[in-house]
1. Can you list the residues of the stretch 17-56 with backbone N under 13 Å from a point 7 Å past the Cα of residue 67, pointing along Cα to Cβ?
2. Among 17-25, 77-85, 41-49, how do they line up by average Cβ neighbours within 10 Å per residue, starting with the highest?
3. What does the net charge come to around residue 38 if you take all other residues with beta carbon closer than 14 Å to its beta carbon, with K and R at +1 and D and E at -1?
4. So what are the three principal axis dimensions of the stretch 31-93 from its Cα atoms, in whole Å, longest to shortest?
5. Which cross-chain or sequence-distant (5 or more) residues have an amide H under 5 Å from the amide H of residue 31, H modelled 1.01 Å from N in plane?
6. Could you list 96, 15 in order of exposure, starting from the residue whose Cβ has the fewest other Cβ atoms within 10 Å?
Amino acid sequence: MYGYSQSATVATVEKRFLAQNPVPGTTVGFNLIANPNRPDGGILERFAGLYIPIVGVTFNGATPTDTGMPTVDVAREYDGWADFPTNPLNPLADVKAGLGIDPPKKPTTPTVGKPLGPGLGGLNKLVSSIAGALKNSSARPPVAAGGAAGSTGDK
């Protein structure tokens, strides 16, 4: 079963159900990405038991890890939904999580020259300038003890 973001919460509910009502002769695996129920990190796990009626959100706890069902749970660092701060009273951690709440609309691989995502302002310019400096540098590998630096093949 595959779940991305809110569908990872649906997969968590299903995993709990299957743990209570196993189907003989079947094995179900889970691939969860940006899981708000992520054990020791998801926002729905951090505040388990809380309910916000105006938006209908129930903080229903962590995805179970003791079911015997193979599970891969992937999150990006500082994702405000899947990697919420351990200590919400830490303002710097809260700011990082807040910036991670509005990710790109689809999973992407960072590429030099492309923006990192919305809400990061001047950070994109900084990363681009550092990447450009590294790309244009004539840096060579350091000389190993007792040896000579190798050629990088650059002309």
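Derivation of every value follows stated rules applied to the coordinates shown; laboratory data play no part. All values reported here derive from a predicted model rather than from experimental measurement. All Cβ positions, even for glycine, are placed from backbone atoms using ideal geometry, and neighbour counts span all protein chains on display.
1. Label zone hits: 17-23, 27-32, 37-39.
2. Working: 17-25: 9.7, 77-85: 20.6, 41-49: 18.9.
Highest to lowest by the protection proxy: 77-85, 41-49, 17-25.
3. On the way: positive: 15, 46, 76; negative: 40, 45, 73, 77, 79, 83.
Around residue 38, the charge tally is -3.
4. For the stretch 31-93, the Cα extents along the three principal axes come out at 34, 28, 17 Å.
5. The list, which skips near neighbours in sequence, is 2, 3, 72.
6. Values: 96 16, 15 23.
So the ranking, lowest neighbour count to highest, is 96, 15.
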